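Participant: The structure that follows is given in the form of structure tokens.
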Amino acid sequence: MLRGFEYLRGDSPIHRLDPRVKILYSLAYSVLCFISLKATFLALLLVVNIPILVIGKVLKRWLNMMKAAIPFIALIFLFNVLFQRFSNIWGAVAYTLRFIIFMTAFAVLFLTTTPEDLALVMVKLKIPYEYTLAFTMAIRFVPTLSRELQIIIDAQRSRGLELEKGNILERIRKYMPILIPLIVHEIRRSYTLAEAMESRGFGYTKNRTYYYEMKFTKKDVVALLCIMVSAVFLGILGKTLLWPF
Amino acid sequence: MPRRDVIEVRDLWYKYPEAKEWVLKGINLTIKEGDLIAIMGENGAGKTTLVKHFNGILKPDKGYVKVCGLDTREHTVAELAKYVGLVFQNPDHQIFASTVLEETMFALKNFGWDPERAKRRAKEVLKEMGLLDYINTSPFSLSGGEKKRLTIASVLVYDPEILVLDEPTVGQDYGQKRRLAEIIERINSLGKTVIVVTHDIEFVAEYIEHVIVMSRGTIIAEGEATKVLCDDNIMKRARLLPPQLGMVVKNLEDYIDFKGNFLRLPVFVENLRRWLENDENVKGI
């Protein structure tokens, strides 16, 4: 269930772009989807994203992500329809699309950028290294955590725990035998990890140096210009009144 | 009276979801009631994956597994767990309750036992495991060996016919291992089937006579420990080191004809004594 957050290595022109360019891309699109509430314009925004996902070879993973988000998407749509008393179906569609575009814009960033690259950006933004490290480690431990979760579930099921039985309150209670060992185990692990890091001299030097230095290449500049031009163009387009609904 | 088959595995193939390679490739295996068996093999040979099929946590992709006559594909883990008690490798992956007694009673609660009866039964088992003094303490404060015994107690408590121990000796010192062996022998002597998954060769040599060796998802050997564990070819394929006594016996093979389960120290010594008592033999060297 945590698999979606796992970073899978890949290689494509999008993967090789400077992470800062990709962050700008995500920001640009998340701003763009808020400038208009016309469903047709938002649909256009979504369509524009698709070639990027294809070039980045992450279309399938994006689709999986969307599949996992279907309950949320359905909920947003349903609430909008209900609270606007069925008067504005297109408005409900627009709100739903806004959510999808927002997710997609950031999916492009997270699906094609290694956690290490994101950490480098954080360091460049003068965020203290400890916080940056906490961020990369959180991502690093997702697969470990999901494996461990599965073992614990298996162990408790072997002792007759039936997670799929009972009403919703009973089911929540049934998760206690799973959550407690998981939390205890992870806290213990974090202590061990901290000790192991300290024993290897973590925090000894104040000024860290980095093996990789981020540099803007020609490709990055071209990508940056494309993003800026297309964002301004789409922005103007979104503000015009051409859109029917 | 012929003993019945408690576990029947036929042409079992399995691979984890999203994985490309088969983890188990056509396993065939029959385990009889009252057997004491060790399943051995290197890390990643498929031992744990195989035993997870015994109580239905994993279901076969091809072939079938029958436990006490029940096809695992047609029954839930909870139903099968009543027959097969599976003790996981790391106690920290299951301990959650606030007291040792509650931890032991967990399975009984799941199976809907009456609380008073469950308590009596849990105390009985904890006494057997030498944990009666700890019933009101937190299981998190127990030592490694005690935690291990607690996890065994928490499974034995509902009296399964088959007990499966996954890597029970990992992280246990010599004394704890001996105690574990005593527990295993006692459970087995009560007529229960006990399956021990391990790569602790010395432990197996000393206490378990019947061995199954796995490598890369298949069973490469099955039989008496004295034969299987002393076969260089099998041991090499399984990336295991033969037991020390086995190596000694191999080097003395030309002089002494060892009989019985010579991997057990007392039997080995008895063989040696018998040989030394005969003056002719000593002169021969």
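The values are calculated or read from the model by the stated rules, or taken from the named source; none is laboratory data. Predicted model only: the values in this text are computed from it and were never measured. Every residue, glycine among them, receives a Cβ derived from its backbone with ideal geometry; neighbour counts consider all protein chains shown. Heads up: the accessible areas ignore ligands, DNA and RNA and are worked out on the full protein's heavy atoms, side chains in. Shrake-Rupley method; radii C 1.70, N 1.55, O 1.52, S 1.80 Å.
Participant: Of everything in the stretch B:141-182 that's among the charged types (D, E, K, R) and in contact with a Phe, Trp or Tyr (Cβ under 8 Å, 6 or more places away or on another chain), which residue is nearest to the other protein chains (Cβ to nearest Cβ)?
Facilitator: B:ASP166
Rundown of residues vs (1) surrounded by 10 or more Cβ atoms within 10 Å (Cβ to Cβ); (2) hydrophobic (A, V, I, L, M, F, W, C), yes/no style:
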residue	(1), (2)
A:LYS206	no, no
A:VAL222	yes, yes
A:GLY235	yes, no
A:LYS239	yes, no
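Participant: Can you tell me which condition B:GLN89 does not meet? The list is (1) facing chain A (nearest Cβ under 10 Å); (2) surrounded by fewer than 17 Cβ atoms within 10 Å (Cβ to Cβ); (3) closer than 18 Å to B:ILE39 by Cα, and all the others hold.
Facilitator: It fails just one condition, (2).
Participant: Moving on. Could you count how many residues in the stretch A:184-204 are among the aliphatic types (A, V, I, L, M) and either surrounded by 11 or more Cβ atoms within 10 Å (Cβ to Cβ) or on the phi > 0 side of the Ramachandran plot (or both)?
Facilitator: Of the residues in the stretch A:184-204, 4 are among the aliphatic types (A, V, I, L, M) and either surrounded by 11 or more Cβ atoms within 10 Å (Cβ to Cβ) or on the phi > 0 side of the Ramachandran plot (or both).
Rundown of residues vs (1) of a type outside the set (A, V, I, L, M); (2) more than 12 Å from chain A (Cβ to nearest Cβ); (3) open to solvent by 20 Å² or more (accessible area, probe 1.4 Å); (4) within 19 Å of B:GLY144 (Cβ to Cβ), yes/no style:
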{"residue": "B:GLY69", "(1), (2), (3), (4)": "yes, yes, yes, no"}
{"residue": "B:THR76", "(1), (2), (3), (4)": "yes, no, yes, no"}
{"residue": "B:ALA81", "(1), (2), (3), (4)": "no, no, no, no"}
{"residue": "B:VAL84", "(1), (2), (3), (4)": "no, no, no, no"}
{"residue": "B:GLN94", "(1), (2), (3), (4)": "yes, no, no, yes"}
{"residue": "B:LEU108", "(1), (2), (3), (4)": "no, no, no, no"}
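Participant: Which of the numbered conditions does A:ASN88 fail, given that it passes all the others? Conditions: (1) within 14 Å of chain B (Cβ to nearest Cβ); (2) farther than 30 Å from A:ASP11 by Cβ.
Facilitator: Result: A:ASN88 passes all but (1).
Participant: Would you please name the residue that is farthest from B:SER215 (Cα to Cα), looking only at residues in the stretch B:238-259 that are touching a residue at least 24 places away in the same chain (Cβ under 8 Å) and either in a helix (DSSP H, G or I) or among the small types (Gly, Ala, Ser) (or both)?
Facilitator: B:LEU245
Participant: Could you say which residue among B:GLY56, B:GLY112 is modelled with pLDDT under 95, at the interface with another protein chain (Cβ under 10 Å from one of its Cβ atoms), on the phi > 0 side of the Ramachandran plot and open to solvent by 20 Å² or more (accessible area, probe 1.4 Å)?
Facilitator: Residue meeting the stated conditions: B:GLY112.
Participant: Which residue, of B:ASP35, B:ASP11, is open to solvent by less than 50 Å² (accessible area, probe 1.4 Å) and charged (D, E, K, R)?
Facilitator: B:ASP35
Participant: Give me a count of the residues in the stretch B:179-198 that are open to solvent by less than 70 Å² (accessible area, probe 1.4 Å) and in a loop (DSSP other than H, G, I, E, B).
Facilitator: So the count comes out to 3.
Participant: Among (1) surrounded by fewer than 10 Cβ atoms within 10 Å (Cβ to Cβ); (2) more than 14 Å from chain B (Cβ to nearest Cβ), where does A:GLU164 come up short?
Facilitator: (2)
For every residue, the table says whether it meets (1) buried (at least 20 other Cβ atoms within 10 Å of the Cβ); (2) of a type in the set (Phe, Trp, Tyr); (3) away from chain A (no Cβ under 14 Å); (4) part of a helix (DSSP H, G or I).
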| site | (1), (2), (3), (4) |
| --- | --- |
| B:GLU42 | no, no, yes, no |
| B:THR49 | yes, no, no, yes |
| B:LYS66 | no, no, yes, no |
| B:THR104 | yes, no, no, yes |
| B:ALA122 | yes, no, no, yes |
| B:LEU126 | yes, no, yes, yes |
| B:GLY130 | no, no, yes, no |
| B:ASP133 | no, no, yes, yes |
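Participant: Would you mind stating whether B:ALA97 is under 14 Å from B:VAL157 (Cβ atoms) and outside any strand (DSSP E or B)?
Facilitator: Judged against the criteria, B:ALA97 is a match.
Participant: How about the stretch A:175-194: which of its residues are within 7 Å of another protein chain (Cβ to nearest Cβ) and touching a residue at least 40 places away in the same chain (Cβ under 8 Å)?
Facilitator: Scanning the stretch A:175-194 gives no hits.
Participant: Is it the case that some residue within the stretch A:6-17 is at pLDDT below 85 and surrounded by 15 or more Cβ atoms within 10 Å (Cβ to Cβ)?
Facilitator: yes
Participant: So which of A:SER146, A:SER158 ends up being touching a residue at least 24 places away in the same chain (Cβ under 8 Å) and within 14 Å of another protein chain (Cβ to nearest Cβ)?
Facilitator: Step by step, each of A:SER146, A:SER158 is checked, and only A:SER146 is touching a residue at least 24 places away in the same chain (Cβ under 8 Å) and within 14 Å of another protein chain (Cβ to nearest Cβ).
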